[in-house]
């Protein structure tokens, strides 16, 4: 993402957002359409945590995937029947062109017939096959180190990085996500999240909660519930 946002775009209120995301796809639907794509894409945000767990823990109001920004066209070309709207600072640009895409990082995939949004594409900064954190450009990792796969091959962002993004402004569902996956981690994942939190969000309260818990929550189960919440400006 470069430069300031261009003029234009529309603001959708919360009720309209909820309605237009009501038919969001599931990870397996996107994965089926992206079989054979060369770009290192992955499921991101809340769904990525559930893929790590091995089962859905709560309702999801949307579905996000991430892809290197310069390889976005490889994703877009797999969905010629849909429209890609750019999103930034609470505004939506329908069928955005190159200028708006360069100034934003989110892209909502819309069914032009129904107006429904199906999934969200994060166009991530990178250098070749090295991923660059949007919130700290000095945090760089090879794509091979940040993408894991389910037993049936669906790629997802490692949970440590999902939580790093959620840590910016954690909502109740983000706090629940943190509490739900932490008991499943060993030392390596806990240490990685701690290093990255100290670097990107020093003093974050999650740093005090990273010690192993006496309670382990089996994958595919959840000690909490969390309803739908989505906003264009929400921390992912």
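The values are calculated or read from the model by the stated rules, or taken from the named source; none is laboratory data. Predicted model only: the values in this text are computed from it and were never measured. Neighbour counts run over all protein chains shown; Cβ positions are idealised from the backbone, glycine included.
Just a few scattered comments:
- Any hit, the stretch 143-161, residues being in contact (Cβ under 8 Å) with a residue 12 or more places away in the chain, farther than 15 Å from residue 65 by Cβ and touching a strand residue (DSSP E or B) at 6+ places or on another chain (Cβ under 7 Å): no
- Matching entry among 145, 94 (being surrounded by fewer than 17 Cβ atoms within 10 Å (Cβ to Cβ) and within 17 Å of residue 44 (Cα to Cα)): 145
- For residue 64: the one exception among (1) modelled with pLDDT of 95 or more; (2) out of contact with any helix residue (DSSP H, G or I) (no Cβ under 6 Å at 6 or more places or on another chain); (3) under 21 Å from residue 134 (Cβ atoms): (2)
- Residues within the stretch 118-145 that are assigned to a strand (DSSP E or B) and either within 15 Å of the chain's Cα centre (by Cα) or over 25 Å from residue 163 (Cβ atoms) (or both), tallied: 10
- Residue in the stretch 179-194 that is under 23 Å from residue 125 (Cβ atoms), free of Cβ contacts under 8 Å to residues at least 40 places away in the same chain and surrounded by 15 or more Cβ atoms within 10 Å (Cβ to Cβ) present: yes
- Residue in the stretch 196-206 that is without any contact (Cβ under 8 Å) to a residue 40 or more places away in the chain, closer than 21 Å to residue 58 by Cβ and crowded, with 17+ Cβ neighbours inside 10 Å present: no
- Elements of type helices (runs of 4 or more DSSP H) in the stretch 1-98, at least 2 residues being free of Cβ contacts under 8 Å to residues at least 60 places away in the same chain: 14-20, 27-33, 72-76
- Of residues in the stretch 2-22 being in contact with a strand residue (DSSP E or B) (Cβ under 7 Å, 6 or more places away or on another chain) and surrounded by fewer than 17 Cβ atoms within 10 Å (Cβ to Cβ), the one farthest from residue 51 (Cα to Cα): 8
- Residue in the stretch 101-118 that is surrounded by fewer than 17 Cβ atoms within 10 Å (Cβ to Cβ), over 19 Å from residue 65 (Cβ atoms) and without any contact (Cβ under 8 Å) to a residue 40 or more places away in the chain present: yes
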